[in-house]
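Here the structure comes first, spelled out in structure tokens, and everything after it is commentary.
The values are calculated or read from the model by the stated rules, or taken from the named source; none is laboratory data. Being a predicted model, the structure only gives us computed values, none of them experimental. We place every Cβ from the backbone using ideal geometry, glycine too, and count neighbours over all the protein chains shown.
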Amino acid sequence: MTKPLILFLPCPAGVEEFLADEVYGLTGLAGNDLTLLRGGVRVSADWHTMLRLNLMSRLAQRVLVEVARGPYYDEQDIYALAYDMAWETWFTERQTFRVDLTAQASPLRSLNFAALRIKDAVVDRFRDRTGGQRPSVDTHAPQVRVQAHLTVDYATLYLDTSGEPLFKRGWRQDKGDAPLKETLAAAMLAACGWWQPATRQVSQLPLYDPCCGSGTIVIEAAQLALGLAPGRQRGFGFEHLLPLRDAERAETWRALRQQAAAVQAAPGAQVRIFGSDVAHRMVDFAQRNAKRAGVSVALQLRGGDALQRMPPTVEPGVLLMNPPYGERIAVAGVAGARMGRQRFESEYEDEGEGEGVGAGMDEGDQFFLRLAAHWKNHYAGWTAWLLTPDRQLPRRLRMSASRRVPLWNGPIECRLLRFDIGQQKEDGQPKPLQRPP
Ligand SMILES: C[S@@+](CC[C@H](N)C(=O)[O-])C[C@H]1O[C@@H](n2cnc3c(N)ncnc32)[C@H](O)[C@@H]1O
């Protein structure tokens, strides 16, 4: 029996449990084979599982195979660990590679120097075994990526089987200004409960992103609803690795790929996923992205201001978005330049939202206050989930969050906040909920 592979799947802080659920849902692995760590999960698996996780995971940033691990005191120990590793069983001196290094509490003074020593060890080992031939370094588009991780006293070396990070699904050409990473959009879908990664189910509730930008959240959701594999349109690092030249493994990969390609969106599928944006350029981007991602039939994308758009379904559902904040709102929609502050203030006074409520507010405040009023008027029964780094958002909305899930947008600490939209009272009377017949 071949030795199992030890895989490490990194993910942003806060996503570990969702990722563990996803790995369980995709592979059935649990117990000692699936360990939750800070910043990722560790999986004991076979080759088939490694291939499947690359193809199917929406939450992992990469799938790394652990190839060496040992204690270290200084850079020389790290060099020795890397030199003793049989790299020639994974790639050849004719291929290009790069080394990346991450660390947690490493006492070494220069992590760059440690990475350089690993590169030297790989090169020296090839040179010593091939009579002087060595793989070249290519930092831009390497065929092989070596990843090292240092803790306070242990070094671990990995080969990256993904290549380009997994958030690159292969469908995005139109980016927009501030697109979410696809992995973060998937984490939002898991955190709000619309997607259950452990059971691989999606909710029957409608999903709507009223500030959809280039469409990341709704495209991820639509791919999930249609059962499309996130990696079906991209290549992977393992395609360059020697163990994948083994006929049986190559055949396993061919079969997995073929299976993923065979899933097609059926025309006439019921649309339960909706996106809109005030910027028509963004809606264009989202439409083109959706087409490339194979989800146009399951998705409705429209232009329009979030402050004016009515619910896309009679039945209440889930609003999921990362709203704009700060200066950007000033130019978008009715809360921005077109409307002007004076008229906005008087509208709010009319609606009885409080005396002088518009006075002294920035455009962000105005936008969110209007958004909350619009939701209370028209979206009763919906649940809104907003990803934001803005701790003041509940105050701006004048709503209290019923849940706060910490998530990181790259280096920015955010919260995914849940707001349960209640009824707007008119003349003290509760407004009836609109339900389908
Ligand atoms: C942070 S971006 C969302 C990015 C998006 N999740 C993506 O992945 O591309 C915020 C979006 O809100 C849009 N926006 C700004 N004001 C708006 C408004 N009043 N109504 C609807 N959309 C608005 C912007 O055009 C921008 O695309």
## Note on the structure
The number of residues in region 300-331 that are of a type in the set (A, V, I, L, M, F, W, C), at pLDDT 95 or above and within 25 Å of the chain's Cα centre (by Cα) is 6
### Task
Being assigned to a helix (DSSP H, G or I), of a type outside the set (Ser, Thr, Tyr) and buried (at least 19 other Cβ atoms within 10 Å of the Cβ) narrows it down to one of 122, 99, 65, 43, so name that one.
122
### Query
Hey, any hits in region 72-90 for a residue that's assigned to a loop (DSSP other than H, G, I, E, B), in contact (Cβ under 8 Å) with a residue 60 or more places away in the chain and more than 21 Å from residue 154 (Cα to Cα)?
yes
### Task
Answer yes if at least one residue in region 175-183 is within 13 Å of the ligand (Cβ to nearest atom), basic (Lys, Arg) and touching a helix residue (DSSP H, G or I) at 6+ places or on another chain (Cβ under 9 Å), and no otherwise.
yes
### Query
Out of 51, 36, 59, 19, which single residue is surrounded by 21 or more Cβ atoms within 10 Å (Cβ to Cβ), under 23 Å from the mean Cα position of the chain (by Cα) and outside any helix (DSSP H, G or I)?
59
### Task
Of the numbered conditions (1) under 23 Å from the mean Cα position of the chain (by Cα); (2) buried (at least 23 other Cβ atoms within 10 Å of the Cβ); (3) within 19 Å of residue 386 (Cα to Cα), residue 293 fails exactly one; give the number of that condition.
(3)
### Task
Please find, within region 191-227, the residue that is surrounded by the fewest Cβ atoms within 10 Å (Cβ to Cβ) out of those that are among the small types (Gly, Ala, Ser) and not in a helix (DSSP H, G or I).
227
### Task
State whether the residues of region 159-170 include one that is part of a loop (DSSP other than H, G, I, E, B), away from the ligand (no atom under 13 Å from the Cβ) and farther than 26 Å from residue 114 by Cβ.
yes
### Summary
Taking region 230-289 and keeping residues assigned to a helix (DSSP H, G or I), of a type outside the set (Asp, Glu), within 16 Å of the ligand (Cβ to nearest atom) and surrounded by 15 or more Cβ atoms within 10 Å (Cβ to Cβ) leaves 282, 283, 285, 286, 287, 288, 289
### Query
Any chance region 132-140 includes a residue that's surrounded by fewer than 19 Cβ atoms within 10 Å (Cβ to Cβ), of a type in the set (Val, Ile, Thr), in contact with a strand residue (DSSP E or B) (Cβ under 6 Å, 6 or more places away or on another chain) and part of a loop (DSSP other than H, G, I, E, B)?
yes
### Where a residue in region 199-226 is of a type in the set (Lys, Arg) and its partner, wherever it lies, is within 12 Å of the ligand (Cβ to nearest atom), with Cβ under 8 Å and at least six apart
none
### Message
If residue 217 meets every condition in (1) within 16 Å of the ligand (Cβ to nearest atom); (2) within 24 Å of residue 158 (Cα to Cα); (3) β-branched (Val, Ile, Thr) apart from one, which number is that one?
### Response
(2)
### Task
Please give the number of the condition residue 310 fails out of (1) closer than 30 Å to residue 97 by Cβ; (2) within 16 Å of the ligand (Cβ to nearest atom); (3) surrounded by fewer than 14 Cβ atoms within 10 Å (Cβ to Cβ).
(1)
### Summary
Taking first residues from region 91-107 that are closer than 29 Å to residue 151 by Cβ and second residues anywhere that are among the acidic types (Asp, Glu) and surrounded by 16 or more Cβ atoms within 10 Å (Cβ to Cβ), the pairs with Cβ under 9 Å that are 6 or more apart or on different chains are 100/160
### Task
Take region 176-227 and flag every residue that is hydrophobic (A, V, I, L, M, F, W, C) and over 16 Å from the mean Cα position of the chain (by Cα).
198, 202, 205, 207, 211, 225, 226
### Task
Select from region 296-307 the residues that are closer than 16 Å to residue 378 by Cα and either more than 12 Å from the ligand (Cβ to nearest atom) or touching a Pro at 6+ places or on another chain (Cβ under 7 Å) (or both) and list them in ascending order.
306
